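Student: Below is a structure I'd like to ask you about.
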Amino acid sequence: MLDMQPNISRRKIGLVLFDMDGVLIDITGYNENAKKVAVSTWNAVFDKIGIYSEHERLKKLFIKGIFSSYMEWTHEACRLLRKHGLKQAKFMEIINSRPLMRGARELLFELKKRGYKTAVITGSFKELAERIKKLLGLDFAIAHCELIFDKDNNLKEWKLTPCDFGGKVEFFNKIVNRLGLKTINCAYIGDEVNDIPIFKKVGLSIAFNCRKRDVEKSAHIVIEKKDLRGILQYLPPLDK
């Protein structure tokens with residue numbers, strides 16, 4: 001556990017935000033070494049329906065700059081999921097099989113007890129974010145991709161929200177404004193390159209379960225042990 005700025009945790013934090021995949025959800029078995037790409041449940045969906053090579057192909061195109069944005073990449077990813085016959089039952093099986101990160105339940109229970117508001121902002125699937133919101137009692141859940149299936153359970157269309165990379169900051173600001181807080185009064189816990197923009201905005205940034213040096217360098221605190229309960233020491237009970 002590395003505390004890059006020991007006094008940073010003394011700032012009065014009222015809102016704790018999380019990335020989802022790799023933080024609240026354990027994405028075991030997948031790694032992304034590329035600087036522009038984050039590991040996520042997208043990996044698992046492509047893998048479980050047998051087209052992981054397509055995920056790798058799209059990733060390479062994104063890294064090369066062929067796609068103009070993350071939105072364009074995931075639109076093409078959704079088009080391929082539809083082409084290859086993704087069924088709602090299979091998709092929900094994947095979503096419901098994603099395991100919580102060690103210590104997630106205990107952490108969120110204690111944060112609520114200590115008086116914090118909590119949120120998740122993710123470039124992953126809305127269905128998973130809503131599941132996690134319910135399981136952990138989060139106050140807000142914002143996700144990038146919602147898949148819509150027809151009456152025969154075939155993928156029909158999708159809705160994409162620009163809440164990844166720099167877009168995370170925009171939705172973070174919306175939550176902050178709704179709660180009447182300042183960005184300095186917020187903490188964010190992330191693990192990947194798409195979390196760096198929001199790391200730069202919050203009063204307390206924590207890199208958790210992180211394998212990339214650029215991400216660690218952008219955070220105030222680095223937690224190396226894969227247990228979310230390690231965050232609690234930086235978030236004491238709020239004054240009543």
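Student: Can you tell me which residues in the range 203-221 are among the small types (Gly, Ala, Ser) and touching a residue at least 60 places away in the same chain (Cβ under 8 Å)? Show your work before the answer.
Tutor: To start, the set of residues in the range 203-221 that are among the small types (Gly, Ala, Ser) comprises 203, 205, 207, 218-219.
GLY203, ALA219, listed by residue number.
Student: Is it the case that THR118 is closer than 22 Å to PHE46 by Cβ and of a type in the set (S, T, N, Q)?
Tutor: Values: closer than 22 Å to PHE46 by Cβ: no; of a type in the set (S, T, N, Q): yes.
Here the answer is no, as THR118 does not meet what is asked.
Student: What pairs can you find where one residue is in the range 79-104 and among the aliphatic types (A, V, I, L, M), the other is in a helix (DSSP H, G or I), and their Cβ atoms are less than 6 Å apart, with a gap of 6+ or different chains?
Tutor: Once the first residue is among the aliphatic types (A, V, I, L, M) and sits in the range 79-104, its partners that are in a helix (DSSP H, G or I) give LEU80/GLU54; ILE94/ALA44; ILE94/VAL45; ILE94/LYS48; ILE95/GLU127; ILE95/LEU128; MET101/LEU228; ALA104/LEU228.
Student: Filter the range 35-64 for residues that are in a loop (DSSP other than H, G, I, E, B), out of contact with any His (no Cβ under 7 Å at 6 or more places or on another chain) and either surrounded by 14 or more Cβ atoms within 10 Å (Cβ to Cβ) or of a type outside the set (Gly, Ala, Ser) (or both) and give the result.
Tutor: LYS35, LYS36, VAL37, ALA38, VAL39, SER40, LYS64
Conditions tested, residue by residue: (1) at pLDDT below 95; (2) closer than 17 Å to ASP195 by Cα; (3) aliphatic (A, V, I, L, M).
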site: THR28; (1), (2), (3): yes, no, no
site: LYS35; (1), (2), (3): yes, yes, no
site: VAL39; (1), (2), (3): yes, yes, yes
site: GLN88; (1), (2), (3): no, no, no
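Student: Got a number for residues in the range 138-172 being outside any strand (DSSP E or B), under 16 Å from the mean Cα position of the chain (by Cα) and not acidic (Asp, Glu)?
Tutor: Final tally of qualifying residues: 11.
Student: Quick one: which residue in LEU100, LEU138 is under 21 Å from GLU32 (Cα atoms) and either among the charged types (D, E, K, R) or at pLDDT 95 or above (or both)?
Tutor: Details: LEU138 fails: under 21 Å from GLU32 (Cα atoms).
Selected residue: LEU100, the only one of LEU100, LEU138 that is under 21 Å from GLU32 (Cα atoms) and either among the charged types (D, E, K, R) or at pLDDT 95 or above (or both).
Student: I'd like the residue in the range 94-137 that is under 18 Å from ILE198 (Cβ atoms) and assigned to a strand (DSSP E or B) and, out of all such residues, is nearest to the chain's Cα centre (by Cα).
Tutor: THR122
The values are calculated or read from the model by the stated rules, or taken from the named source; none is laboratory data. Keep in mind the model is a prediction, meaning the values are calculated, not measured. Cβ coordinates were reconstructed from backbone atoms using ideal geometry, including for glycine residues, and neighbour counts include every protein chain displayed.
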